[in-house]
1. Would you compute, from DSSP H runs of 4+ residues alone, the mean residue ellipticity of the chain at 222 nm, taking -39500 (n - 2.57) per run and dividing by the full residue count, rounded to the nearest 500?
2. So how tilted is helix 101-122 from the main axis of the chain? Cα-based, degrees 0 to 90, rounded to 10.
3. Based on alpha-carbon atoms only, what is the radius of gyration of the chain relative to the globular estimate 2.2 N^0.38 Å?
4. So how do 54-62, 67-75, 29-37, 16-24 stack up, highest first, on mean other-Cβ count within 10 Å?
5. Roughly how many Å² is the accessible area per residue of the chain, as a whole number, for a 1.4 Å probe?
6. Wrap a convex hull around the Cα atoms of segment 9-77, take a quarter of its surface area, and give that in square nanometres.
7. On a 0 to 90° scale, report how tilted helix 60-73 is relative to the longest principal axis of the chain, with both axes built from alpha carbons and the result rounded to the nearest 10.
8. Quickly rank 94-104, 113-123 as a protection proxy: mean count of other C-beta atoms within 10 Å, highest first.
Amino acid sequence: MYSEKVMDHFQNPRNVGEMENPSGVGTVGNAKCGDIMRMYLDIDENGIIKEAKFKTFGCGAAVATSSMATELVAGKTVQEALEVTNKAVMEALDGLPPVKVHCSLLAEQAIHAALWDYAQKNGIKIEGLEPPVNDIEELEEEEEY
Ligand code: FES
């Protein structure tokens, strides 16, 4: 059912963890299944992504896609990182079963949410970047009351 690359990234996910003082952080939820992903980006003064880390509370396909996504965005400019779409991530993983395609959207949305946070913090505009659709920060903050 899964490609070797998906199995590899699921069993040995790269860049798992949290980041202290990230340049940008984004948390998104998958409306279909309720799974959650948080993406941290460390971006240097030239707008190059030095490192990406993630935490995923989700299925194997979500873990594999977020792992691959962190590898794909590292070394890219913030503008180039926008091209790391769920399709690009799936291609890099040699595909996903059709029922798991929605899981790969989390990785794309989490990257976008982290880039949005970075842009907001630095007062810049990233061409083509839309506000995050599934950002659940507000939800989490509400839950703390
Ligand atoms: Fe929820 Fe895959 S089933 S992200």
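1. Working: 6 runs with 62 residues, N = 145.
One gets -12500 deg cm²/dmol as the mean residue ellipticity at 222 nm.
2. 10 degrees
3. 0.98
4. Working: 54-62: 20.6, 67-75: 22.3, 29-37: 16.6, 16-24: 14.8.
Per-residue Cβ counts within 10 Å, averaged per peptide and sorted highest first, yield 67-75, 54-62, 29-37, 16-24.
5. On the way: 7750 Å² over 145 residues.
Accessible area per residue: 53 Å².
6. Values: hull surface 17.9 nm².
Quarter of the Cα hull surface area: 4.5 nm².
7. Computed tilt is about 50 degrees.
8. Working: 94-104: 16.1, 113-123: 18.5.
The most tightly packed comes first, giving 113-123, 94-104.
The values are calculated or read from the model by the stated rules, or taken from the named source; none is laboratory data. Please read these numbers as outputs of a predicted model, since none were measured by experiment. Neighbour counts run over all protein chains shown; Cβ positions are idealised from the backbone, glycine included. With ligands, DNA and RNA removed, areas are computed over all heavy atoms of the protein, side chains included. Shrake-Rupley method; radii C 1.70, N 1.55, O 1.52, S 1.80 Å.
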